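Down below is the structure, laid out as structure tokens.
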Amino acid sequence: MNVQDAAYHTVHDYPGGAEALGPRVGKRGTSLSAEVQIRSPREAANDLSSRPKFGLLDAVKVMHLSGDHRIFFALASELGYLAVPLPDSTAPAESCARSVAAVAEEFASLMHEVAIDIAAGRISDNELVRVERCWGKLIATGQHLLKALADINAQGKERTDAPAR
């Protein structure tokens, strides 16, 4: 999905559509709807100055309010990036370590499958997407573990820096 389609569908798929979401963003519903209206490339090139535009800050507000991040994922994809949601950072380090181990185990299984596919001389689009998704989850879970370990490290420093009684 491209960014323009993602913005349109994010706004219009919100319960109550643009009319319900617009006031929450500080706009009339009709204005918000007009800003995300899908235009052909020719229309966009010929009519840039007179049409309302959906801005970056409005996109961020819409994503926060709706909980729908299709705009972000479409933008990342268009720019050649993989966007992966980070796990909840409130989980204890022990559960983080278990998560990393589980993802690493899944990743190893997937790499085994990929090795078989490489031996066959091809990797399908679906297999490539599955590898990318798994890799993203592994990175996100690893980052979560590093944060949890840094928190534990900081707590240990607080205890050792506290004056003795």
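Throughout, read-outs are computed from the coordinates displayed, never taken from laboratory work. No experiment lies behind these values; they were computed from the predicted model shown. FYI the Cβ positions are ideal-geometry reconstructions off the backbone, even for glycines, and counts take in every protein chain you see.
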_Residue order, fewest to most surrounding Cβ atoms within 10 angstrom, among T141, T160_ = T160, T141
*For the residue pair R130 and L149, what label-to-label distance in nm results when each label sits 7 Å from Cα along the Cα-to-beta-carbon direction?*
3.0 nm
*Which ³J(HN,Hα) values, rounded to whole Hz and listed in residue order, are derived for region 71-83 from phi using the Karplus coefficients 6.51, -1.76 and 1.60 in 6.51 cos²θ - 1.76 cosθ + 1.60 with θ = phi - 60°, glycine and proline given as x?*
4, 4, 5, 5, 5, 4, 4, 4, 8, x, 10, 10, 9
*If you rank M111, M63 by fewest surrounding Cβ atoms within 10 Å, what's the result?*
M111, M63
*What is the Å³ per residue value for the convex hull set by the Cα atoms of region 3-78?*
83 Å³
*Quick one: angle between helix 93-119 and the longest Cα principal axis of the chain, in degrees between 0 and 90, rounded to 10, please.*
70 degrees
*asked:* Quick check on the exposure proxy: order F73, F54 from fewest to most C-beta atoms within 10 angstrom.
replied: F73, F54
_In whole Hz and in residue order, list the ³J(HN,Hα) couplings for region 55-64 that follow from phi through the Karplus curve 6.51 cos²θ - 1.76 cosθ + 1.60, θ = phi - 60°; x for Gly and Pro._
x, 4, 5, 5, 4, 5, 4, 4, 5, 4
*Would you please classify the overall shape of region 93-161 from the alpha carbon gyration tensor, given that a ≥ b ≥ c denote the square roots of the eigenvalues, rounded means a/c under 1.5, and beyond that prolate means a/b larger than b/c while oblate covers the rest?*
prolate
*Can you list the HN-Hα couplings for region 28-34, worked out from phi with the Karplus curve (6.51, -1.76, 1.60; θ = phi - 60°), rounded to whole Hz and with x for Gly and Pro?*
6, x, 5, 5, 4, 4, 5
